[in-house]
Amino acid sequence: MADRRATTRVHALALDAGSSSVRAALYDEQGTPVPDTLCQVDTDLTMRHGGVAVIDAEAMRLALEQAIDGTLSSGAAQGLEIAVVGMTTFWHSLVALDGQGRPLTPVLSWADTRSEPDANVLRERLDDDAIHQRTGCILHPSYLPAKLHWLRRDEPELFARSATFVSFAQYCTGIWLGTLASSVSMASGSGIFNGKTCEWDAELSELLGVRPDQLGEILTDPELLPPVQPAYASRWPALKHVPWRAPIGDGVASNIGAGCIGADRLALMVGTSGALRRCEPARLDERIPPGLWRYRLDRAYTVPGGALSNGGSVYAWLQETLRLPSGAECEAELARREPGQHGLVVLPFFVGERSLGWVGDATAMISGLKQHTTPLDIFHAAIEAVTYRFAALVNALSRGDETIVTTGGGLRNSPAWLQMLADAFGRPIVSSAVEESSARGAALVALRDAGIVNRTHLRNAPLSQVYEPRPAFHERHLDGLWRQQSFYDREVGQQGVNLLARQTR
C-alpha cells in the first residue's frame, strides 16, 4: 500500500488505558512520539478480599478524557494535523450498561476472580477443549463467559436490567462516538468470540442468556469508527472530522509497538501482569496447545500466547509489604545473587493463575522459610518464581529460533531481571528501546488502517541491549524450574484439585 499523504506530515493520537493509569500522546508516521505531548493520569484498580478487582468505569473514562485534554492542549500539539485516533486498553473486561449507555457495574477486570466457581460450572457443562479451539480462550474467570454466568447468578435483577454487556473500550466509544461496535481484536480476547468465523459464539451466547446484539456489532475491515459526537467535537475541535480506529487489545498493541509482528519474533511483556505473545499471519488450521490462548490483531493476524496475572505487580507488592530497600538496592541485590541461594520455592499466584494451569483461585505460596530467611531472600525467590513461569511459557510457545524482545515498565529499569530471564531461558533476549510500546502500537495500527502507512512500518522499532545467557546459571535455573513445578503439582495440581484454600472454604 502506498502512503496516502506524501507531502503533509500527519499524526495519530494514541490512547492507552491500563489498569493503573491512562495515557494519551501524538505519534508521527514513523511511530515516533511527538515530544511533550504525553499526558498520563493515574487510575485506581480496587482489589479486595474474595477476588474483587474492579475499576470505576466513569472515573476511568473521565481520566482518559483528561489525558486527551492534556495532549491536545499541549504547546507541542498546536498546528499539527491529526489524521486518525488509535486506542488500546486491557483485553478482558466487562461493563454492564443500561439502555442509555450508563454503567450498571464497575469495570470487571481480568484480575477479578469471583467467577472462578462459575468457570468450573461451565467446564462441567461444556466441552472445554472445543470451546478453547473455537474461541481461543480458556474457561476461566478472566474471560466473559464466567463473568456473565456469575453476574446472572449473583445479581439476576441487575443482569435483567442490562441492555448491553461490553468491554471498557466499547463503553468509551459509545459515549464519545455513539457506537458500541467492537474490533475483532477486542472481541477475540472476550472468550465469547468464535475466532474462526469472526462472530459471537452461538453456543455460549445462548447458554449465558445474552443476545449477540447485546455484545455489540463486530466490525469488518478496516475497522474504522466515526469521528466524535458534537459535544466532544466542541471540546476537542482537532478531532472534529477525525476517524477512530476501533480499539485493540493492549497485548497486541505492545507487540506492534515493539516491532514484534511476524512468526520470527516473540514479545515478552512485564507490566502489572505479564505475557509472551507472537503476532503472525493467521494459522487457524493449527490446534491451540493446552494452556495457551489465541487472540487476534484483525482478520489477517492471530496472536497466540500465554499470560501471567502476576508480573510487575509482584515486585510492587513485595516492595510495599516487606518494606524493602530502594529500587536501586533491590536491583543491586538481584545482580549479585546466584540462582536459588535463598533456599526457597515460590508459587507467585498473588492474583490467581492464568497460563499455563489456569487455576483462577490459586494463591501464592512459599516453601522453605526459616528463621534466617530475610526479606531480600523472599524478594529474590519471588522474582525468580515469576521468571520460571515465563520460562514455562517460552517452552510452550516457542518454535526454537525466534528473537525474544522484552517490553514493559516492569523490566525497563531492571537489567538484573533481564539477565535472569536470559539465564533461565538459556537463550539471548533483547530489550526494546520503546518506552510506551502499547501506545505506539495503537498509533501505528490506526495509521495503517487509515491508509497513511503500509504494514512494513509495523516491524520498524528501535532495540536496546542484548542479554546473553550464562550456561552455569542456566543449569541451576533448570533445577529451580523443576522444583517449582514439583511444588505446584503437590500443592495446586491439575485444575486446582490439591489447592488447600479450595478444600477448606
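The values are calculated or read from the model by the stated rules, or taken from the named source; none is laboratory data. These numbers come from a predicted model, not from an experiment. Counting neighbours? That spans all protein chains shown, and the Cβs are built from the backbone with ideal geometry, glycine included.
Yes or no: residue 339 at pLDDT below 95, under 26 Å from residue 412 (Cα atoms) and assigned to a loop (DSSP other than H, G, I, E, B)?
Values: at pLDDT below 95: no; under 26 Å from residue 412 (Cα atoms): yes; assigned to a loop (DSSP other than H, G, I, E, B): yes.
Taking the combined requirement at face value, the residue does not satisfy it.
Counting only strands (runs of 3 or more DSSP E) that sit wholly inside the range 347-465, not one has at least 1 residues that are at pLDDT below 95 and over 20 Å from the mean Cα position of the chain (by Cα).
Scanning the range 145-161 for residues that are crowded, with 22+ Cβ neighbours inside 10 Å and in contact with a Leu (Cβ under 8 Å, 6 or more places away or on another chain) yields 145, 146, 147, 148, 149, 151.
Out of the range 115-151, which residues are of a type in the set (D, E, K, R) and under 18 Å from residue 356 (Cα atoms)? Break it down into steps so the answer makes sense when it comes.
Within the range 115-151, the first condition is being of a type in the set (D, E, K, R), and the residues that meet it are 116, 118, 123-125, 127-129, 134, 147.
Those that are of a type in the set (D, E, K, R) and under 18 Å from residue 356 (Cα atoms): 116, 123, 128, 129.
In the range 417-438, the residues that are closer than 23 Å to residue 249 by Cβ form Cβ pairs under 6 Å with partners that are of a type in the set (Lys, Arg) and modelled with pLDDT of 95 or more, at six or more places apart or across chains, as follows: 434/440. Restricting to the range 83-120, and then to whatever is in contact with a strand residue (DSSP E or B) (Cβ under 7 Å, 6 or more places away or on another chain) and among the polar types (S, T, N, Q), can you tell me which residue is farthest from residue 61 (Cα to Cα)? Out of the qualifying residues, it is 113. Scanning the range 44-51 for any residue that is surrounded by fewer than 16 Cβ atoms within 10 Å (Cβ to Cβ), of a type in the set (Val, Ile, Thr) and either assigned to a strand (DSSP E or B) or on the phi < 0 side of the Ramachandran plot (or both) turns up at least one such residue. Cβ-Cβ contacts under 8 Å between residues 6 or more apart (or on different chains), taken from a first residue in the range 183-199 that is crowded, with 23+ Cβ neighbours inside 10 Å to a second residue that is assigned to a loop (DSSP other than H, G, I, E, B) and among the acidic types (Asp, Glu), are listed as 183/223; 183/298; 184/223; 184/298; 185/298; 192/201; 193/201. Do the conditions hold for residue 362, that is, is it among the aliphatic types (A, V, I, L, M) and out of contact with any Phe, Trp or Tyr (no Cβ under 8 Å at 6 or more places or on another chain)? For residue 362, the condition - among the aliphatic types (A, V, I, L, M) and out of contact with any Phe, Trp or Tyr (no Cβ under 8 Å at 6 or more places or on another chain) - is not met. The set of residues from the range 87-134 being in a helix (DSSP H, G or I) and among the charged types (D, E, K, R) comprises 116, 118, 123, 124, 125, 128, 129, 134.
Determine, yes or no, whether residue 426 is surrounded by fewer than 24 Cβ atoms within 10 Å (Cβ to Cβ) and within 23 Å of residue 472 (Cα to Cα).
On the way: surrounded by fewer than 24 Cβ atoms within 10 Å (Cβ to Cβ): yes; within 23 Å of residue 472 (Cα to Cα): yes.
Judged against the criteria, residue 426 is a match.
Within the range 5-26, can one find any residue that is touching a His at 6+ places or on another chain (Cβ under 8 Å) and either under 23 Å from residue 251 (Cα atoms) or free of Cβ contacts under 8 Å to residues at least 12 places away in the same chain (or both)?
If we filter the range 5-26 for residues that are touching a His at 6+ places or on another chain (Cβ under 8 Å), which is where we start, we get 26.
This time we only want the ones that are either under 23 Å from residue 251 (Cα atoms) or free of Cβ contacts under 8 Å to residues at least 12 places away in the same chain (or both), so: 26.
Scanning the range 5-26 turns up at least one residue that is touching a His at 6+ places or on another chain (Cβ under 8 Å) and either under 23 Å from residue 251 (Cα atoms) or free of Cβ contacts under 8 Å to residues at least 12 places away in the same chain (or both).
Surrounded by 16 or more Cβ atoms within 10 Å (Cβ to Cβ), out of contact with any Ser or Thr (no Cβ under 7 Å at 6 or more places or on another chain) and over 28 Å from residue 392 (Cβ atoms): does that describe residue 458? For residue 458, the condition - surrounded by 16 or more Cβ atoms within 10 Å (Cβ to Cβ), out of contact with any Ser or Thr (no Cβ under 7 Å at 6 or more places or on another chain) and over 28 Å from residue 392 (Cβ atoms) - is met.
Within the bounds of the range 160-171, is there any residue that is in a helix (DSSP H, G or I), under 13 Å from residue 108 (Cβ atoms) and modelled with pLDDT of 95 or more? Can you show your working first?
Step one: of the range 160-171, the residues in a helix (DSSP H, G or I) are 160-161, 168-171.
Now restrict to residues that are under 13 Å from residue 108 (Cβ atoms): 168, 171.
Now drop any that are not modelled with pLDDT of 95 or more, which leaves 168, 171.
Within the range 160-171 (the criterion being in a helix (DSSP H, G or I), under 13 Å from residue 108 (Cβ atoms) and modelled with pLDDT of 95 or more), the answer is yes, since at least one residue qualifies.
Considering the range 58-76, the residues that are polar (S, T, N, Q) and in a helix (DSSP H, G or I) include one that is surrounded by the fewest Cβ atoms within 10 Å (Cβ to Cβ), namely 73. Can you confirm whether residue 393 is aliphatic (A, V, I, L, M) and either surrounded by fewer than 17 Cβ atoms within 10 Å (Cβ to Cβ) or under 11 Å from residue 342 (Cβ atoms) (or both)? So residue 393 fails the test.
Hey, among the residues in the range 333-353 that are aliphatic (A, V, I, L, M) and in contact (Cβ under 8 Å) with a residue 40 or more places away in the chain, which one's surrounded by the most Cβ atoms within 10 Å (Cβ to Cβ)?
Step one: list which residues in the range 333-353 are aliphatic (A, V, I, L, M), which gives 334-335, 344-347, 351.
The next check asks that each one be in contact (Cβ under 8 Å) with a residue 40 or more places away in the chain; those that pass are 334-335, 345-347, 351.
Values: 334: 19, 335: 13, 345: 22, 346: 24, 347: 22, 351: 27.
Applying the filter and picking the extreme gives 351.
Applying the criterion of being in contact with a Lys or Arg (Cβ under 7 Å, 6 or more places away or on another chain) and surrounded by fewer than 17 Cβ atoms within 10 Å (Cβ to Cβ) to the residues of the range 205-223, the residue that is farthest from residue 449 (Cα to Cα) is 209.
Taking the range 385-398 as the range and being touching a Pro at 6+ places or on another chain (Cβ under 8 Å) and more than 15 Å from residue 488 (Cα to Cα) as the test, the residues that pass are 396, 397. Entry remark, the range 102-136: residues being hydrophobic (A, V, I, L, M, F, W, C), under 23 Å from residue 55 (Cα atoms) and either out of contact with any helix residue (DSSP H, G or I) (no Cβ under 6 Å at 6 or more places or on another chain) or crowded, with 22+ Cβ neighbours inside 10 Å (or both) number 5 in total.
Taken over the range 84-122, the criterion of being among the charged types (D, E, K, R) and free of Cβ contacts under 8 Å to residues at least 60 places away in the same chain is satisfied by 102, 118.
One residue is enough: does the range 1-16 have a residue meeting the conditions surrounded by 14 or more Cβ atoms within 10 Å (Cβ to Cβ), more than 20 Å from residue 246 (Cα to Cα), at pLDDT 90 or above and touching a Ser or Thr at 6+ places or on another chain (Cβ under 6 Å)? Looking through the range 1-16, none of the residues is surrounded by 14 or more Cβ atoms within 10 Å (Cβ to Cβ), more than 20 Å from residue 246 (Cα to Cα), at pLDDT 90 or above and touching a Ser or Thr at 6+ places or on another chain (Cβ under 6 Å).
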